[in-house]
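Q: My structure is below; once you've seen it, I'll send some questions.
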């Protein structure tokens with residue numbers, strides 16, 4: 001929201017420092033983003049008085065002027081405007097001035113006559129599009145005055161950030177209320193002096209509203225005999241200061257009221273409206289309608305329109321139509337002032353990519369009780385600026401009148417929430433200054449009535465926030481909260497959030513860094529990984545072509561993270577991500593099916609520093625170890641792995657199963673794909689179904705077992721086996737014997753002798769333990785012999 005200081009002072013007599021005002025408004029919730037001069041580009045322009053003006057001896061269309069700019073000597077300036085004349089006051093750009101557009105004024109010789117400056121038109125000063133002649137200034141100005149000061153142009157604009165809930169601050173009036181609150185200043189509303197004449201608008205125009213839920217209020221005034229012309233300088237320059245291009249007196253008034261009071265208005269050419277009625281109703285599916293920007297729009301049956309007796313004439317709350325716009329030939333005007341359902345306007349404006357100052361306010365909510373005042377003030381200004389007669393009465397339909405809202409307020413509870421010890425009188429004074437009505441007959445539970453312009457005050461907690469704003473958010477002391485465990489803590493662990501938090505703690509604990517990537521990737525990323533085009537969910541309005549589709553797997557985003565880290569010189573990458581992937585599903589309400597996944601990706605050296613750690617790059621054993629560690633940490637069954645023959649971007653690809661359910665996969669990114677992401681070393685990754693893992697965790701049967709009391713006895717055994725025989729097969733064979741004394745079997749090492757390519761040595765450590773006594777060597781040897789004998793019979797191994 002752009003705030004003009006001159007405009008603000010029409011409402012509140014603030015004379016303090018601009019920065020102080022910005023700081024106070026920031027603490028009240030309106031963040032100051034910038035202070036600037038909107039007419040800085042023309043600040044070097046001065047007022048000149050044409051002392052002499054004669055024809056150029058060598059050119060019929062040029063004039064030679066002697067101009068007084070307040071200096072000792074008159075300036076000779078050659079001018080080509082047809083309206084230049086002796087005795088005029090004009091804007092002059094002296095030699096060395098850079099005018100808007102970047103042109104630097106230099107000494108020049110035009111057809112043999114020297115020119116020492118430039119007499120400017122309004123278009124050259126970017127004050128309007130008028131360029132038929134030079135800009136003629138009021139006779140009361142003095143030569144040499146600074147043009148900006150002489151014309152009383154705004155020199156200070158505050159750019160304030162307004163949060164979506166504070167729709168009341170999208171106007172000069174709204175910010176004036178906050179200024180009055182912050183500095184305890186009186187607030188003065190514009191004076192209304194509307195003169196009506198003849199007729200009755202209610203009889204001349206009927207208002208029909210199809211659905212009161214979509215339009216609580218629609219009213220209009222009728223003006224006759226308007227003369228369409230440019231607005232006076234004070235209005236044009238004020239609109240320019242807040243970034244609005246002046247158009248004509250009637251249209252400019254609607255924009256002026258929008259910024260001043262926050263109520264969007266629209267003016268129709270009454271002679272172009274069919275019949276004597278206005279209807280507010282929805283469009284039909286596929287209806288074509290041309291808006292004021294000369295674009296034909298295809299509408300849906302959820303778009304709200306303003307209709308005359310035969311056809312649509314405006315896209316409600318967004319933009320008017322070309323078929324009823326105000327033009328230079330317009331004489332009679334219908335001035336619309338309405339309230340529309342915010343969500344409906346927002347959806348229409350977003351879908352059509354048609355943002356406007358009007359929709360920006362309607363979609364946040366406007367003040368229904370201020371509506372009539374805004375319309376009457378606009379009608380008054382239109383009458384004063386165009387000479388139009390305002391027909392008596394108002395054509396109005398208000399099927400849903402404004403309902404006053406009252407909330408409970410408990411001061412003791414407010415102090416508890418804010419951590420303050422404020423007096424009740426402080427809160428009462430704050431509410432009163434904000435325009436709220438307080439009934440404190442019950443000291444413990446006040447009744448606070450909120451005004452129609454504060455749509456954001458919906459509950460008691462919002463009143464606490466108002467007290468905090470008035471006290472000063474920056475003044476509330478910082479106190480560490482008391483932290484205590486509750487029964488809710490245990491409940492939280494059973495939620496998806498609690499499970500994912502547990503996984504994140506595991507990831508940080510094993511030395512992984514969490515990656516948080518956009519859900520958006522590019523079609524090129526998915527194509528590079530060979531992922532199918534079927535099921536992709538494309539973005540209607542992507543941020544860029546590199547982010548035009550929702551990810552169907554985690555790999556593209558994580559690979560982009562790897563590429564970014566490598567570009568920054570980080571070659572030791574160990575990351576994990578918990579995020580959703582998205583696949584098109586027509587059976588879903590959103591046409592999209594989501595699934596939460598856990599991704600792990602490693603590349604580069606196994607350890608960040610070589611000494612005293614083992615040297616080497618991350619490989620399959622690293623990623624497999626992490627997955628086994630996670631599943632073990634979740635207290636799930638020992639995972640089983642098997643090779644997948646073909647995968648689009650992993651080679652090899654290993655399927656991970658847990659309790660007969662496939663929970664994910666892992667493997668190495670194909671070298672040609674890794675090269676596209678600038679990886680010089682192997683990239684290993686794993687992708688797990690987080691939702692399935694959580695389901696398994698939630699289905700745990702908790703079992704209790706006695707801790708071992710007696711010592712274990714361990715035996716190491718090395719099996720000489722063919723290279724094709726997996727160590728897992730030997731381990732399963734040993735455990736399959738189900739010997740009562742055998743507690744565990746662990747793989748110790750795998751060694752292939754030099755020059756041997758058919759056999760290798762696989763060493764295991766077997767642990768034996770009895771639950772009720774200490775084992776003797778002969779008992780262990782007997783059990784161990786059973787293991788060796790059974791293995792020799794079942795598998796092609798020898799010891």
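Q: In deg cm²/dmol and to the nearest 500, what is the mean residue ellipticity at 222 nm of the chain if only DSSP H runs of at least 4 residues count, each as -39500 (n - 2.57), divided by the residue total?
A: The per-residue figure over the chain is -8000 deg cm²/dmol.
Q: Using square roots of five times the C-alpha gyration tensor eigenvalues, list the equivalent-ellipsoid semi-axes of segment 133-239 in whole Å, biggest first.
A: Over the Cα atoms of segment 133-239, the semi-axes work out to 35, 27, 15 Å.
Q: Taking 0.36 nm per residue of separation and subtracting the Cα-Cα distance, what length does fully extending residue 781 through residue 130 add?
A: Gain on stretching residue 781 to residue 130: 223.6 nm.
Q: What number do you get for segment 1-93 when its Cα radius of gyration is normalised by 2.2 N^0.38 Å, N = residues?
A: Relative to the 2.2 N^0.38 Å estimate, segment 1-93 comes out at 1.75.
Q: Relative to the longest principal axis of the C-alpha atoms of the chain, give the angle of the C-alpha long axis of helix 496-509, reported between 0 and 90° and rounded to the nearest 10°.
A: With both axes taken from Cα atoms, the answer is about 70 degrees.
Q: May I pose another question? How many angstrom lie between the C-alpha centres of segment 1-46 and segment 596-628?
A: Centre-to-centre distance over Cα atoms comes out at 57 Å.
Q: Give the distance, in whole Å, between the Cα centre of segment 685-720 and the Cα centre of segment 322-355.
A: Computed from Cα coordinates, the inter-centre distance equals 67 Å.
Q: Here's something else I'd like to know. For segment 437-519, what does the alpha-carbon gyration tensor say about shape, rounded, prolate or oblate, given a ≥ b ≥ c as the root eigenvalues, a/c under 1.5 as rounded, and a/b over b/c as prolate?
A: Prolate.
Q: Hey, another quick one. Just for the Cα atoms in segment 619-722, what are the lengths along the principal axes, largest first, rounded to whole Å?
A: Dimensions of segment 619-722 along the principal axes of its Cα atoms: 56, 41, 23 Å.
Q: Of the listed peptides 63-72, 564-573, 705-714, what is their order by residue-averaged count of other C-beta atoms within 10 Å, with the highest listed first?
A: 63-72, 564-573, 705-714
Q: For a protection proxy built on the mean count of beta-carbon atoms within 10 angstrom, sort 676-684, 195-203 highest first, please.
A: Final packing ranking: 676-684, 195-203.
Q: Taking 0.36 nm per residue of sequence separation and subtracting the Cα-Cα distance, how much length would be gained by fully extending the chain between residue 718 and residue 518, in nm to one decimal?
A: Fully extending the segment from residue 718 to residue 518 adds 67.0 nm.
Q: Something else about it: If you take the alpha carbon radius of gyration of segment 201-397 and divide it by 2.2 N^0.38 Å, what ratio comes out, to two decimals?
A: My calculation over the Cα atoms of segment 201-397 gives 0.94.
Q: What is the helix-to-structure angle for 249-261, meaning the angle in degrees between its Cα long axis and the longest Cα principal axis of the chain, kept from 0 to 90 and rounded to the nearest 10?
A: Roughly 50 degrees, rounded to the nearest 10.
Q: Mind grabbing the base-10 log of I(q)/I(0) for segment 165-205 at q = 0.13, 0.18, 0.23 Å⁻¹? Debye formula, identical points on the C-alpha positions, no solvent, two decimal places.
A: Per q value, in the given order, log10 I(q)/I(0) is -0.52, -0.66, -0.78.
Q: While we're looking at this one, here's another question. Return the FRET efficiency for the residue pair residue 309, residue 404: r is the Cβ-Cβ distance, R0 is 41 Å, and the value is rounded to the nearest 0.05.
A: My answer for the efficiency is 0.70.
Q: Now a separate question. Based on the mean of other Cβ atoms within 10 Å per residue, sort peptides 178-189, 432-443 so the most packed one is first.
A: 178-189, 432-443
Q: What is the helix-to-structure angle for 18-27, meaning the angle in degrees between its Cα long axis and the longest Cα principal axis of the chain, kept from 0 to 90 and rounded to the nearest 10?
A: That works out to roughly 40 degrees.
Q: Let me ask something else about it. Considering Cα pairs under 8 angstrom that are at least six residues apart, work out the relative contact order of the chain and quote it in whole percent.
A: Over the chain, the number comes to 8 percent.
Q: Okay, next question. What is the Rg over Rh value, at two decimals, for segment 609-661, using alpha-carbon atoms and the Kirkwood definition of Rh?
A: 1.08
Q: To continue, here is another question. From zero up to wherever the largest Cα-Cα distance of segment 713-794 sits, split into 10 Å bins and tell me the percent of pairs in each.
A: So the P(r) values, bin by bin, are 17, 50, 25, 8, 1.
Q: Which shape class applies to segment 405-475: rounded if a/c is under 1.5, otherwise prolate when a/b exceeds b/c and oblate if not, where a ≥ b ≥ c are the square roots of the Cα gyration tensor eigenvalues?
A: Note, shape of segment 405-475 comes out oblate.
Q: Over segment 257-356, what is the relative contact order in percent, taking alpha-carbon pairs closer than 8 angstrom and at least six residues apart?
A: This gives 32 percent for segment 257-356.
Q: I'd like to know how segment 272-324 sits against the 2.2 N^0.38 Å rule of thumb: what's its Cα Rg over that expected value?
A: 1.01
Q: Cα centroid distance between segment 532-569 and segment 371-422, in Å?
A: 47 Å
Q: Considering Cα pairs under 8 angstrom that are at least six residues apart, work out the relative contact order of segment 713-794 and quote it in whole percent.
A: Relative contact order here is 39 percent.
Q: Once a ≥ b ≥ c are taken as the square roots of the eigenvalues of the Cα gyration tensor of the chain, is the result rounded (a/c under 1.5), prolate (a/b larger than b/c) or oblate (a/b not larger than b/c)?
A: Here the chain falls in the prolate category.
Every number in this text was worked out from the coordinates using simple rules, so none of it is lab data. Quick caveat: nothing in here was measured; it's all calculated off a predicted structure. Every residue, glycine as well, gets a Cβ built from its backbone with ideal geometry; the counts of neighbours run over all protein chains shown.
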